[in-house]
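Structure first, then comments.
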Amino acid sequence: MSWVGPRAMAVGLAAVAFTAVGCGPDGSEGADAKSESVCASDVFYEGRTYIRLSNVEFEAGQKLGTATRPPCRDTNDQAAEVPETSENAYAVSGISPDLAIAIGPSPEQAKAFRVLRSDKKIPPEVQELIDGS
């Protein structure tokens, strides 16, 4: 009996598993990948959807209002749904809130989020923020 088939399958499955746990909720790699739920990457503010930016240096400005996270169920357990939550939304200094906001309990603890556009392109002002970090 040849072990090439089962060994190849085991190596392939291991590669898939490694890839699945190596990415964060926003497609990034790093420490946030293990600490956040898959559902926790999107927030809604003023009718727009924003996604998290990782490893971006920015300054949070004045409080804009409240952003919401939709209900989340990232398991098959119907009872495990996390209800919708609200968080403070802050301006990101130098960028319009239509393009980027900061979300968190305080400006010091806030994380940067960028608007998710239908064309999937990153606005130039946000790209500058990413490139400058």
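The values are calculated or read from the model by the stated rules, or taken from the named source; none is laboratory data. Just so we're clear, the structure is a prediction, and the values are computed from it rather than from any experiment. Please note: Cβ atoms are built from the backbone with ideal geometry, for glycine as well, and neighbour counts cover all protein chains shown.
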| field | Top-ranked residue of segment 76-92 - restricted to ones that are modelled with pLDDT of 90 or more and among the polar types (S, T, N, Q), ranked as surrounded by the most Cβ atoms within 10 Å (Cβ to Cβ) | value | 88
| request: Mind listing whichever residues of segment 101-133 are exposed (fewer than 13 other Cβ atoms within 10 Å of the Cβ), modelled with pLDDT of 95 or more and charged (D, E, K, R)? | output: 108
